[in-house]
Amino acid sequence: MSDVVPPEVRPKPAVPAKPPNVGAPSPSSPFPPQGPGIGGGGSVSGLPPSAIPVPIVNHGHSVGHNIGHGVGHVAGHVGGHTAAHNGGHGHGGSHSSGGGSTLLGYIGIDTIIEQMRKKTMKTGFDFNIMVVGHSGLGKSTLVNTLFKSQVSRRSAGWARDEKIPKTVEIKAVSHVLEEGGVKMKLTVVDTPGFGDQINNDNCWEPISKYINEQYEKFLKEEVNITRKKRIPDTRVHCCLFFITPTGRSLRPLDLEFMKRLSHSVNIIPVIAKSDSMTIEERQEFKQRVRKELEMAGIEFYPQKEFDEDMEDKSDNDKIREAMPFAVVGSDKEYPVNNKRVLGRKTAWGIVEVENPNHCEFAQLRDFLIRSHLQDLKEVTHNIHYETYRAKRLNANGGLHPISSNDTQESNL
Ligand SMILES: Nc1nc2c(ncn2[C@@H]2O[C@H](COP(=O)(O)OP(=O)(O)O)[C@@H](O)[C@H]2O)c(=O)[nH]1
Ligand SMILES: [Mg+2]
């Protein structure tokens with residue numbers, strides 16, 4: 001395989017996209033072959049498939065529905081506004097009357113997309129991923145892989161070649177990525193391996209505490225009288241759970257962990273170090289994991305109950321059937337056919353991390369960023385955070401000031 005990803009594969013996300021939810025381009029967007037990144041840059045030519053031509057609204061841009069739509073959601077979300085709120089400035093109406101449009105009855109509602117896009121470009125948005133699992137499964141390596149891979153290859157300033165030390169505390173690494181004028185602050189929260197102790201009772205507590213602390217921070221900002229216009233969002237939007245590639249049953253501790261956390265965060269199970277399995281072993285193991293999770297009643301993301309319609313369901317069914325993604329991580333580059341690719345060099349060849357024929361890292365990345373980013377944020381906000389918030393406010397007897405120790409004690 002010569003390319004990192006063959007050019008004919010590149011324009012489409014490796015998983016079915018969900019355009020309405022995404023700050024990412026539609027599958028048909030003309031991506032530059034080397035830079036899908038966080039989505040957005042290449043989609044400028046996807047014009048709205050509107051029956052009525054848009055008279056004046058473009059201000060020099062011609063932005064497709066998909067990107068505009070997705071980004072618009074983000075704007076509403078990040079700023080704590082609803083779409084209706086954003087549209088409430090009245091620009092839409094005034095656009096329609098100007099410009100000498102001959103189209104009677106055009107109000108300009110569709111300009112809301114452009115308005116939202118502009119807002120998001122100004123404010124940017126946060127996206128936070130957490131990695132969790134036993135020690136030595138390649139979590140810290142995968143964090144580096146994400147940052148070094150094509151998500152951020154075009155943004156400068158990432159050079160970390162030193163050997164990854166053992167992770168001893170929960171640590172967030174952030175990197176601001178920009179594409180097509182849209183800024184995303186991608187934060188990956190690295191955690192120490194859990195289950196390393198002789199007594200592993202409650203070993204999920206530090207992680208659960210971290211997740212709740214971020215909800216608490218957000219809640220505090222929300223109930224503040226002098227509320228910030230844009231609350232910084234440190235809430236964990238998804239938690240990648242690393243499964244040991246044993247080919248055998250999941251450990252009880254893993255199941256227990258996922259079960260507990262699946263109520264407060266979007267869990268995405270992944271098979272770690274999948275270069276250690278043959279193709280058949282990998283398929284069998286994936287199936288086995290899915291079955292065991294189902295038997296244990298563990299709902300991972302995308303949760304069936306939150307599919308909004310049939311289209312959502314059929315897209316997500318495909319993804320659920322492809323999960324858990326079998327990943328390989330590396331932060332080293334090697335030349336393959338005159339290109340430098342992220343890979344693991346072995347005695348029998350190079351495992352190319354971003355090559356979909358070698359492992360499912362690219363699929364996972366596309367799923368997280370190009371197709372489900374906005375949905376992950378929405379489920380976090382509308383379901384997980386809302387649950388926390390409701391419990392928290394009930395427990396507190398209403399909107400009382402919240403003391404800083406409460407997060408640990410309330411154990412939500
Ligand atoms: N074979 C293989 N080894 C890996 C992979 N990812 C990381 N490693 C190696 O596993 C070791 C532990 O990696 P690290 O990222 O520190 O694991 P963590 O404890 O989960 O953070 C290092 O020697 C890595 O080079 C992988 O996908 N496949
Ligand atoms: Mg680590």
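Taken together, the values in this text are just the output of simple stated rules run on the coordinates, not laboratory data. Predicted, not measured: the structure shown is a model, and the values here were computed from it. Here the Cβ is made from the backbone with ideal geometry for all residues, glycine too, and neighbour counts use every protein chain on show.
The gain in end-to-end length when the LYS259 to THR167 segment is fully stretched comes to 30.7 nm, 0.36 nm per residue minus the alpha carbon separation. The aspartates and glutamates whose alpha-carbon is closer than 12 Å to the alpha-carbon of LYS291, local same-chain residues fewer than 8 away aside, are GLU299, GLU321. For the peptides 141-149, 343-351, the ranking by mean Cβ contacts within 10 Å, running from highest to lowest, is 141-149, 343-351. Among residues other than LYS377 with Cβ under 9 Å from its Cβ, the summed charge is -3 (Lys and Arg +1, Asp and Glu -1). Close amide H partners of GLY180, meaning residues 5 or more places away or on another chain with modelled amide H under 5 Å apart, are GLY41.
Karplus-based coupling profile of the stretch 176-185, in residue order and whole Hz: 8, 10, 9, 8, x, x, 9, 9, 10, 9, with θ = phi - 60° in 6.51 cos²θ - 1.76 cosθ + 1.60 and x standing for Gly or Pro. Placing dummy labels 7 Å off each Cα toward the beta-carbon, the span from ASN224 to THR387 is 2.7 nm. Ranked by the mean number of other Cβ atoms within 10 Å per residue, highest first, peptides 248-260, 119-131 order as 119-131, 248-260. Taking packing as the residue-averaged number of other Cβ atoms within 10 angstrom, the listed peptides 322-334, 294-306 run from highest to lowest as 322-334, 294-306.
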